[in-house]
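A quick write-up on the structure given underneath.
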């Protein structure tokens with residue numbers, strides 16, 4: 001599981017490596033199945049990407065037959081949590 005950080009706290013969790021592992025898929029298989037470059041999948045898998053194009057996300061969602069929330073998960077920091085009323 002890869003985590004994008006914001007001021008030292010997790011914000012976006014990248015679940016691509018877990019999704020690939022659950023399905024026993026390697027980087028090349030996902031690249032072949034999506035039409036994305038091996039480098040793109042490699043960088044996402046190893047959490048080296050700082051952004052993702054919507055077209056890339058769309059291809060991953062279609063390939064895995066999942067929604068974006070199963071590839072990326074938002075985990076708000078304490079200051080992003082809504083205040084209790």
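Please treat every number below as a calculation from the coordinates, not as lab data. Quick caveat, the model's predicted, so the values are computed rather than measured. Cβ atoms come from the backbone with ideal geometry, glycine included; neighbour counts cover every protein chain shown.
So if I take the centroid of the Cα atoms in the range 8-57 and the same for the range 58-73, what is the distance between those two points in Å? Answer, in whole Å: 10. If you sort the three axes of the alpha carbon gyration tensor as a ≥ b ≥ c, you get a/c of 1.5 or more for the range 31-73 and a/b no higher than b/c, which makes it oblate. Taking a ≥ b ≥ c as the square roots of the Cα gyration tensor eigenvalues, the range 2-78 comes out prolate, since a/c reaches at least 1.5 and a/b is larger than b/c. Each residue, residue 65 and residue 43, gets one label point 7 Å from its Cα in the Cβ direction; the gap between the two is 3.0 nm.
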